[in-house]
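Peer 1: Got a structure for you, written out below as structure tokens; questions coming shortly.
We did not get these values from a lab; they are worked out from the coordinates using the rules stated. Since the model is a prediction, treat every value here as computed from it, not as a measurement. Counting neighbours? That spans all protein chains shown, and the Cβs are built from the backbone with ideal geometry, glycine included.
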Amino acid sequence: MKPELFVNNYLPHAKKVEAKTGISAVATLTQAALESAWGDVAPGNMFFGVKDTDGINGNEQLITTTEYSSRADLKFPVIISITPVMRKGRKMFKYVVKDYFRKYPTPEECFNDHAQFFLKNSRYAKALTVKHDYNSFFEEIAKAGYATDPNYSDTLKAVSKSIVKFIK
């Protein structure tokens, strides 16, 4: 969907999360936009690409995704391809795989769970100290390993520019 429609549809959820947790609504909405291709790819109301670690309790779905690693021996439920690539001057491997991701009854539940994911995982403690500054938050969640893409923080910053111009 177009960025303006995405912001109009999902900003209320991001603002509720911000009111409860202090995590910037811009940060939340930017991640949702990037991870779901502006809402076009959000199966099971999954807007954030949060993996389901057990794949057995019914709140998961097997979805095709792209992952990056410096290793060529990672395990996934299904590996479609592994391609050597250069990322930020480093030799890496681009995996196209099927992996388990969470699913939700509603977008609101997804947005709430996303915030809880940060609050419950100690590896994001530093990011939570800058949760009001979305650009710093992006840097810290990237450093903490939220995504395997080494350009994740820069990509979020670029997407955020399309978000903020529609927030009134």
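Peer 1: Express in whole angstrom the spacing between the alpha-carbon centres of region 38-78 and region 12-27.
Peer 2: Here the answer is 24 Å between Cα centres.
Peer 1: Another question, if that's okay. Separation between the Lys2 and Val96 pseudo-spin-labels, each 7 Å from Cα along Cα→Cβ, expressed in nm?
Peer 2: Each label point lies 7 Å from its Cα, and together they span 3.1 nm.
Peer 1: Quote the FRET efficiency, to the nearest 0.05, computed for Met86 versus Lys161 with a Förster distance R0 of 35 Å and r equal to the Cβ-Cβ distance.
Peer 2: E between Met86 and Lys161, to the nearest 0.05, is 0.85.
Peer 1: Now for a separate question. Measure nothing but the geometry: give the 0 to 90° angle between the long axis through the Cα atoms of 25-36 and the longest principal axis through the Cα atoms of the chain, rounded to 10°.
Peer 2: With rounding to tens, the tilt is 40 degrees.
Peer 1: Another question, then. Would you mind ranking His114, His13, His132 by Cβ crowding within 10 Å, fewest neighbours first?
Peer 2: By the 10 Å Cβ count, ascending: His132, His13, His114.
Peer 1: Which pairs in the list Lys75/Lys120; Lys15/Lys168; Lys2/Lys88; Lys20/Lys143; Lys15/Lys103; Lys20/Lys131 are over 19 Å apart, alpha-carbon to alpha-carbon?
Peer 2: Among Lys75/Lys120; Lys15/Lys168; Lys2/Lys88; Lys20/Lys143; Lys15/Lys103; Lys20/Lys131, the Cα-Cα distance tops 19 Å for Lys75/Lys120; Lys2/Lys88; Lys20/Lys143; Lys15/Lys103.
Peer 1: With springs connecting C-alpha atoms under 10 Å apart, model the chain as a Gaussian network and identify which of Ala33, Ala14, Ala158 has the largest mean-square fluctuation.
Peer 2: Comparing Ala33, Ala14, Ala158 in the GNM, the peak value goes to Ala158.
Peer 1: In nm, give the distance between the simple-model label positions of Asn59 and Lys143, each being 7 Å from the Cα along the Cα-to-Cβ direction.
Peer 2: 3.0 nm
Peer 1: If you plug each phi of region 120-135 into the Karplus form 6.51 cos²θ - 1.76 cosθ + 1.60 with θ = phi - 60°, what whole-Hz ³J(HN,Hα) values come out, in order, with x for Gly and Pro?
Peer 2: In residue order, the calculated couplings are 8, 9, 4, 5, 9, 4, 5, 4, 5, 6, 10, 5, 7, 9, 4, 5 Hz.
Peer 1: So if each residue of separation counts as 0.36 nm, and I subtract the Cα-Cα distance between Thr66 and Val78, what length gain in nm does that give? Walk me through the numbers on the way to the answer.
Peer 2: Details: separation 12, 0.36 × 12 = 4.32 nm, distance 1.18 nm.
Extra length from Thr66 to Val78 when fully extended: 3.1 nm.
Peer 1: Amide H to amide H under 5 Å from Asp52: which residues, 5+ apart in sequence or cross-chain, H placed 1.01 Å off N in plane?
Peer 2: Distant-sequence amide H within range of Asp52: Tyr100, Phe101, Arg102.
Peer 1: Within a Cβ distance under 11 Å of Ser70, other residues only, what is the Lys/Arg minus Asp/Glu net charge?
Peer 2: Value of the local net charge: +3.
Peer 1: A follow-up question, please. With r defined as the distance between the Cβ atoms of Lys20 and Asp40 and R0 fixed at 35 Å, what FRET efficiency is calculated, to the nearest 0.05? Don't skip to the answer; put the middle values down first.
Peer 2: Working: r = 27 Å, r/R0 = 0.77.
It comes out at approximately 0.80.
Peer 1: Right, something else. Per the helix-only calculation at 222 nm, which mean residue ellipticity applies to the chain, given -39500 (n - 2.57) for every DSSP H run of n ≥ 4 and division by its residues, nearest 500 deg cm²/dmol?
Peer 2: Taking each H run of at least 4 residues, the total per residue is -13500 deg cm²/dmol.
Peer 1: Nearest 10 degrees, 0 to 90: what angle lies between the long axis of helix 3-21 and the longest principal axis of the chain (Cα atoms)?
Peer 2: Compared with the principal axis, the helix lies near 80 degrees.
Peer 1: Which loop-located trypsin sites (Lys or Arg not before Pro) does region 60-123 contain, where loop means any DSSP state but H, G, I, E or B and the Cβ has at most 16 other Cβ atoms within 10 Å?
Peer 2: Those that pass, being in a loop and sparsely packed, are Arg71, Lys75, Lys88.
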